[in-house]
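First the structure, in the form of structure tokens, and then the observations on it.
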2 protein chains.
Amino acid sequence: MAKRNQRLSRDVIVDCAMALADAEGLEAVTIRRLAQENGVTPMAMYWHFNDKEALLDALAAHLVEAVKLPPPSEAPWDAQLRDVLEAIAVALRPHPAVAGMAARQVLVADAGLELTERVLALLAEAGLEPRRAAEVATFLFCSVVALVAGDPGQREVVTPEDLEDRLRLKTATLAALPPTRFPHLIAAAPGLVSCFGQDDFFDLNLDLLVQGVRGIR
Amino acid sequence: MAKRNQRLSRDVIVDCAMALADAEGLEAVTIRRLAQENGVTPMAMYWHFNDKEALLDALAAHLVEAVKLPPPSEAPWDAQLRDVLEAIAVALRPHPAVAGMAARQVLVADAGLELTERVLALLAEAGLEPRRAAEVATFLFCSVVALVAGDPGQREVVTPEDLEDRLRLKTATLAALPPTRFPHLIAAAPGLVSCFGQDDFFDLNLDLLVQGVRGIR
DNA sequence: GCACCCGATGTACGTCGTACAGTTGGCGCA
DNA sequence: TGCGCCAACTGTACGACGTACATCGGGTGC
């Protein structure tokens with residue numbers, strides 16, 4: 001800690017905050033902690049950001065800007081939509097702790113506007129009129145965020161083996177339920193406790209969203 | 001404030017916290033504030049809850065238990081699934097500020113287990129094997145939560161006319177974007193800023209989810 | 001009438017965000 | 001070379017937060 005090898009800037013603060021959130025969760029992102037991490041007084045942060053809200057907004061914007069939008073193609077709208085949603089998920093997945101804040105910058109950050117325009121265009125191509133396209137686009141983004149942010153027991157970040165213990169305990173708890181009342185739940189227990197973060201969880205549910213759009217046309 | 005007309009209990013604290021969150025947002029739910037609201041010392045809360053996390057868990061559980069699960073019927077699985085998802089949305093909608101915490105009690109609270117069992121049964125009826133059903137059920141719940149919690153500019157709660165001003169401003173900002181780059185976005189601007197909380201927003205996107213499940217079978 | 005113990009109090013500590021005022025170091029310009 | 005300015009940072013302080021720990025009062029059961 002206490003690096004102080006370079007001048008402070010919005011970017012290095014945001015990068016530091018992101019790393020901190022990834023490593024120790026969003027609640028570790030503290031004005032004082034960020035200052036300490038950069039070998040600087042807490043009040044130094046306020047030269048670069050009006051307040052903590054502004055800092056978190058910048059974090060969220062950073063996330064939105066990390067989305068690598070695939071280039072438009074001649075592929076059918078549903079394939080393209082699937083690619084766009086996947087691109088969002090890919091950008092958010094490394095940062096589940098901050099993903100939940102991404103939605104509030106989608107209509108603010110430049111990259112978010114571009115992203116939204118793209119999705120709306122695809123939805124128009126699918127035959128939705130603007131009003132419904134707006135509602136669906138909004139929901140799609142929130143859903144992808146939910147897909148990533150999820151929320152298993154990830155409130156406090158722990159060591160990998162501790163996490164594994166917790167999952168095993170949770171599975172066991174579910175498996176110990178009365179089998180006559182909860183047959184399906186018991187059968188699905190392993191999947192319920194461990195699906196977050198799995199590749200097939202994302203694949204399956206991104207498909208679900210795209211198929212859902214097909215279904216409501 | 002300072003009612004002190006009845007003995008404190010978990011239930012009156014939870015009710016008070018819920019009302020507080022509805023009126024002033026989740027950040028207004030504070031140990032000290034709850035104590036003051038009940039005419040009591042902050043430390044009195046700790047007789048009823050181990051810590052604030054436990055209090056918030058109780059809030060979330062309360063929400064999950066508020067879901068009025070429709071009775072099983074002979075209707076096809078998709079119609080029933082739609083009804084169940086709608087029941088969840090109906091229970092959460094009055095409390096958007098706390099809805100985001102509901103997911104972490106779904107596999108803990110009794111009502112949540114019942115709810116999950118029901119959804120898993122319907123998904124099994126739809127032809128999904130347990131593992132995929134688990135993944136889809138998890139996602140469906142998170143999506144409905146996202147549908148309700150959404151996140152417009154609702155971070156700070158404001159007066160209705162102030163909110164209306166803000167929406168108008170946001171719409172105007174979007175409408176002022178370069179029309180050649182953002183044609184769809186401009187056309188959809190009113191819907192984008194005001195869709196949260198609208199009935200048709202819920203209806204449309206619950207349909208999307210159900211259709212999505214149909215699509216991935 | 002007495003003891004017990006549930007439910008509350010009182011005090012104190014460390015951490016948070018941040019207001020406000022003071023201080024510096026390096027660059028433009030003389 | 002020297003001077004002044006202003007962007008960037010420091011120092012101090014305040015109120016609100018969660019909560020550990022010790023204490024206490026009064027209603028209930030004997």
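The values are calculated or read from the model by the stated rules, or taken from the named source; none is laboratory data. Small disclaimer: the values here were computed from a predicted structure and weren't measured. Reconstructed Cβ throughout: ideal geometry from the backbone, glycine too, with neighbour counts over all protein chains shown. Surface areas here come from the heavy atoms of the whole protein model, side chains and all, with no ligands, DNA or RNA. Shrake-Rupley method; radii C 1.70, N 1.55, O 1.52, S 1.80 Å.
In the context of the full protein assembly, residue B:159 retains an accessible surface of approximately 70 Å², using a probe radius of 1.4 Å and ignoring ligands and nucleic acids.
Principal axis analysis of the Cα atoms in the range A:1-150 yields extents of 55, 25, 24 Å, listed in decreasing size. The calculated FRET efficiency for the pair residue A:10 and residue B:74, based on their C-beta separation and a Förster distance of 51 Å, comes to about 0.25.
Sorted from shortest to longest, the distances between the residue B:74 label points of this copy and the other copies are 5.3 nm, with each point 7 Å from Cα along the line through the beta carbon.
Only Lys, Arg, Asp and Glu count, each charged at its Cβ (+1, +1, -1, -1), so figure out the dipole size of the range A:1-124 about its Cα centre, rounded to 20 debye.
Values: 12 positive and 17 negative charges, 109 e Å.
For the range A:1-124, the charge dipole is close to 520 debye.
A loss of 40 Å² or more of accessible area (1.4 Å probe, protein heavy atoms, ligands and nucleic acids excluded) relative to the isolated chain is seen in these residues of the range B:88-118: B:104, B:107, B:113, B:117. The chain A residue nearest the rotation axis shared with chain B, using its Cβ and rounding the distance to whole Å, is A:212, 2.
Toward the positive end of the charge dipole of the range B:155-217, with +1 on the Cβ of Lys and Arg and -1 on the Cβ of Asp and Glu, the farthest Cα among B:171, B:196, B:186 is that of B:186.
Rounded to the nearest percent, how much of the accessible area of the protein assembly as shown (1.4 Å probe, protein heavy atoms only) is carbon and sulfur? That fraction is 54 percent.
Quick one, can you get me the convex hull of the C-alpha atoms of the range B:73-191 expressed as volume per residue in Å³? Kindly include the intermediate steps, with their values, before the conclusion.
On the way: hull volume 18.6 nm³, N = 119.
Normalising the Cα hull of the range B:73-191 by residue number yields 156 Å³.
Give the interface area between chains B and A as buried accessible surface, both sides summed, probe 1.4 Å, in Å² to the nearest 100.
Numbers: alone 12640 and 12670 Å², together 20270 Å².
The contact between A and B buries close to 5000 Å².
Using the crude model of +1 on Lys and Arg Cβ and -1 on Asp and Glu Cβ, and no other charge, please compute the dipole size for chain B relative to its Cα centre, in debye to 20.
On the way: 21 positive and 30 negative charges, 96 e Å.
Dipole of chain B, to the nearest 20 debye: 460 debye.
Solvent-accessible area of residue B:24, all protein chains in place: 80 Å² (probe radius 1.4 Å, heavy atoms, ligands and nucleic acids excluded).
Accessible surface of residue A:82, taken over heavy atoms with a 1.4 Å probe and every protein chain present, rounds to 40 Å². In chain A, the calculated helix contribution to ellipticity at 222 nm averages -20500 deg cm²/dmol per residue, counting -39,500 (n - 2.57) for every DSSP H run with n ≥ 4.
Note the full-extension length gain between residue B:181 and residue B:161 as 0.36 nm times their separation in residues minus their Cα-Cα distance, in nm to one decimal. Before the final figure, lay out the partial values.
Details: separation 20, 0.36 × 20 = 7.20 nm, distance 3.18 nm.
Here the segment from residue B:181 to residue B:161 would lengthen by 4.0 nm.
Counting 0.36 nm for each residue step from residue A:48 to residue A:19 and taking away their Cα separation leaves a gain of 8.6 nm. Based on alpha-carbon atoms, the Kirkwood radius and the radius of gyration of the range B:91-161 give Rg/Rh equal to 1.09.
Sort B:184, A:48 from largest to smallest accessible area, using a 1.4 Å probe on the heavy atoms of the protein chains. Don't skip to the end; give the middle numbers.
Working: B:184 70, A:48 40 Å².
Sorted by accessible area, descending: B:184, A:48.
In the protein assembly as shown, the inverse of the mean reciprocal separation of distinct Cα atoms equals 23.0 Å; this is its Kirkwood hydrodynamic radius. Label positions at residue A:198 and residue A:169, each projected 7 Å from the Cα along the C-beta direction, are separated by 2.2 nm. Restricting the calculation to Cα atoms, every distinct pair contributes to the Kirkwood radius of the range B:133-216, found to be 14.9 Å. In this Cβ point-charge picture (+1 for Lys and Arg, -1 for Asp and Glu), the range A:75-158 has a dipole of about 200 debye about its Cα centre.
In terms of the Cα gyration tensor, with a ≥ b ≥ c the square roots of its eigenvalues, is the range A:10-49 rounded because a/c is under 1.5, prolate because a/b exceeds b/c, or oblate? Judged from the Cα gyration tensor, the range A:10-49 comes out prolate (a/c at least 1.5, a/b above b/c). If we count every other residue with Cβ under 9 angstrom of residue B:212's Cβ, Lys/Arg +1 and Asp/Glu -1, where does the sum land? Residues near residue B:212 contribute +1 overall.
The simple Förster model, with R0 at 60 Å and r as the Cβ-Cβ distance, assigns residue A:32 and residue A:207 a FRET efficiency of 0.85.
Could you give the accessible area per residue of the protein assembly as shown, probe 1.4 Å, as a whole number in Å²?
Numbers: 20270 Å² over 434 residues.
That works out to 47 Å² for each residue.
What is the sum of charges, Lys and Arg at +1 and Asp and Glu at -1, for the other residues whose Cβ falls under 12 Å from the Cβ of residue A:85?
Details: positive: A:82, A:118; negative: A:78, A:83, A:86, A:203, A:207.
Surrounding charge for residue A:85 is -3.
Normalised by the empirical 2.2 N^0.38 Å for globular proteins, what value does the Cα Rg of the range A:54-113 take? Kindly include the intermediate steps, with their values, before the conclusion.
On the way: Rg = 12.2 Å, N = 60, 2.2 N^0.38 = 10.4 Å.
Taking the Cα Rg and dividing by 2.2 N^0.38 Å, one obtains 1.17.
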